[in-house]
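A quick write-up on the structure given underneath.
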Amino acid sequence: MNPMTFVRAQWDRVGAWVCIAGGAIVLLLGWWGISGTTSVGRQLPYIISGGLFGVFLLGLGGLLWVSADLRDEWRELWSIRDALVKIAAGQGGNVENSAFALTPEEHEEAAAVLAGGQLHPVSASNGSSSSHRRRSTAVNEA
């Protein structure tokens, strides 16, 4: 992949790494400046410029990283929504071979729910029971 294409597509992740690296460098430079003097009056400019600006850059990097992860999650949710809309409209295509394909047990549970029945409780590994379960294939593939 072309580096410029990657930067354009993942601008928030690249920005996050730049801010995190810049923040770490600014904090190290501030520490280096403080370590050379014992006077508190001479240390304050390093604390203000190096410490506060470095922490700000680290926070901004974390914010950009979370923004990138949220964008990925929303993109995935929209693709799932589009697939469900196509299925509901009868345009599902080859759903049986996709991550949205239901197992035979899930077909039976769906038919029971549509007929007015209830889901069978599923025991979890911690001993509790639930009336639903997550799709293990979709969770493990992600």
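A short reminder: the numbers here are calculations on the coordinates, not readings from a lab. Quick caveat: nothing in here was measured; it's all calculated off a predicted structure. Cβ coordinates were reconstructed from backbone atoms using ideal geometry, including for glycine residues, and neighbour counts include every protein chain displayed.
Taking the mean number of other Cβ atoms within 10 Å as a proxy for protection, how do you rank 11-23, 30-42 from highest to lowest?
Details: 11-23: 16.8, 30-42: 11.8.
The peptides rank, most packed first, as 11-23, 30-42.
Could you derive backbone 3J(HN,Hα) for the stretch 69-80 from the dihedral phi with the Karplus parameters 6.51, -1.76 and 1.60 (θ = phi - 60°), listing whole Hz in sequence and x where the residue is Gly or Pro?
Running phi through 6.51 cos²θ - 1.76 cosθ + 1.60 with θ = phi - 60° gives 5, 5, 4, 5, 5, 5, 4, 5, 5, 5, 5, 5 Hz.
Determine the relative contact order of the stretch 3-92: mean sequence separation of Cα pairs under 8 Å and six or more apart, normalised by residue count, in whole percent. Walk me through the numbers before you get to the answer.
Working: 67 pairs, mean separation 31.9, N = 90.
With pairs under 8 Å counted, the relative contact order is 35 percent.
Can you tell me the length gained on complete extension of the stretch N2 to L28, counting 0.36 nm per residue apart and subtracting the Cα distance?
On the way: separation 26, 0.36 × 26 = 9.36 nm, distance 3.24 nm.
So the chain would gain 6.1 nm between N2 and L28.
Roughly speaking, what is the stretch gain from F53 to I80, that is 0.36 nm per residue apart minus the C-alpha to C-alpha distance, in nm to one decimal?
On the way: separation 27, 0.36 × 27 = 9.72 nm, distance 4.07 nm.
Separation in residues times 0.36 nm, less the Cα-Cα distance, equals 5.6 nm.
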